[in-house]
Structures are given as C-alpha cells and as structure tokens.
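The values are calculated or read from the model by the stated rules, or taken from the named source; none is laboratory data. In this text, all values refer to a predicted model and were calculated from it rather than measured experimentally. All Cβ positions, glycine included, derive from the backbone under ideal geometry; neighbour counts span all protein chains shown. When the accessible area is computed, the model is the full protein with side chains, heavy atoms only, and any ligands, DNA or RNA have been set aside. Shrake-Rupley method; radii C 1.70, N 1.55, O 1.52, S 1.80 Å.
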Amino acid sequence: MRCPYCEANKDRVIDSRPAENGKAIRRRRECLNCSKRFTTYETVEETTKLVVVKRDRSRVPFDKAKMLAGLEAACYKRPVPTRRLQEAVDHVTEELRRTGQREIDAEDIGQRLAEQLRTIDQVAYVRFASVYKQFRDLDDLIEEVRGVLEMNERLSPGQGKLFR
C-alpha cells in the first residue's frame, strides 16, 4: 500500500476490524518511512458490475453515491440521520445484487428507494416521489400525499401520525 503522504511503499498494519456490516475490512496503517498513519478498506471485488438502464434507454454504471445523493436531497432540512439513509442505500443495493440481473432499470431503483424512504420520513418520501414519479401537476402530488396518509392510518388507526 502506497502512503498518501510520502508515497513510500512500506507500511505496517496497526489495527484491523470489520466495516460496512462485515462487507469490508478497515485497516489502520503506519508508514515506515514518514511515520504518518492512514486508513485503508479492503472489500470483495464484485465480479458482475451492475449497469443502470435510464429512462432514455442509455446505460450508466451503477453508483451508490448517486442513490445516497438523491435521498439526501429529498431529506434536505429534515431530521433524518445520514446513517439511516446509508442503511437504506445498502439495503436496496443488496436487494439489487440478489436479483442476479446485470442490468437494472432506473425506475426499479427509484421504486425501491422510495419504499425505503416512505418508512423513514413522509415529507422526504413525497419530495423524492415528486421527482421519481415525475408528477404532471398538483393533482398527482395530492394523490400521492393521500396515499401516504391512508397507509399511515392503516398502520396506526386512530393514533394520528405514525412518523413523528
């Protein structure tokens, strides 16, 4: 491993521990040349790379960071911890990998993310859905909000808001 400070190629591992729910190993290293410390992550190399098929039928490499950015935009100024959004992204990513498909429609990804967001924050869900479902007008937005309120009432009849 090359040191990010002095680019020497000699270091020693000080500490190793599981990361990302056991899907990676975090290694703390010390450069034997400059004595500075740095962290590396070791993960399994995916043999099949996922490709996202967009609405215009173009194909782009799958990118978890884009999914997280979309959820973060929907949760702007909402009391939602980034950790919870990362867990949602990890969950959806794992679901997609388990399908065994190499190409995944962007619409399928959006649907799965929306379902995760629906359980996290209702306002953020409606924001996300307004982009993902491409609402044509205010009636589409109102219909989506009604659906969220009906689901909320089914899950918690007579108790008011489920998500506080």
* Asked: For labels at Arg97 and Asp137 in the simple 7 Å Cα→Cβ model, what's the distance in nm?
  -> 4.5 nm
* Structure fact -> Over the chain, cysteine residues that find no other Cys C-beta under 4.7 Å are Cys75
* Asked: What trypsin sites (Lys or Arg not before Pro) does the range 1-97 have in DSSP loop regions with at most 16 other beta carbons within 10 Å?
  -> Arg2, Lys10, Lys23, Lys36, Lys49, Lys54, Arg55, Arg57, Lys77
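In cubic angstrom, how much convex hull volume per residue do the alpha carbon atoms of the chain span?
On the way: hull volume 28.0 nm³, N = 164.
Normalising the Cα hull of the chain by residue number yields 170 Å³.
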* Asked: In what sequence, largest accessible area first, do Asp56, Asp63, Asp90, Asp121 appear using a 1.4 Å probe?
  -> Asp56, Asp63, Asp90, Asp121
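In the chain, what percent of the accessible surface is made up of carbon and sulfur (1.4 Å probe, ligands and nucleic acids excluded)? Present the calculation step by step, with values, prior to reporting the outcome.
Numbers: 5400 of 11160 Å².
Exposed carbon and sulfur together represent 48 percent of the surface.
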* Asked: Just by accessible area at a 1.4 angstrom probe, what is the order of Tyr125, Tyr5 from largest to smallest?
  -> Tyr5, Tyr125
* To do: Determine how large the accessible area of Val80 is when every protein chain is in place; take a 1.4 Å probe and give Å² rounded to the nearest 10.
  => 20 Å²
* Structure fact -> For the range 71-146, the per residue accessible area (1.4 Å probe, Å²) is 59 Å²
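Give me the orientation-averaged projected area of the Cα convex hull of the range 51-133, in nm², one decimal. Walk me through the numbers before you get to the answer.
Working: hull surface 20.0 nm².
Here the figure is 5.0 nm², rounded to one decimal.
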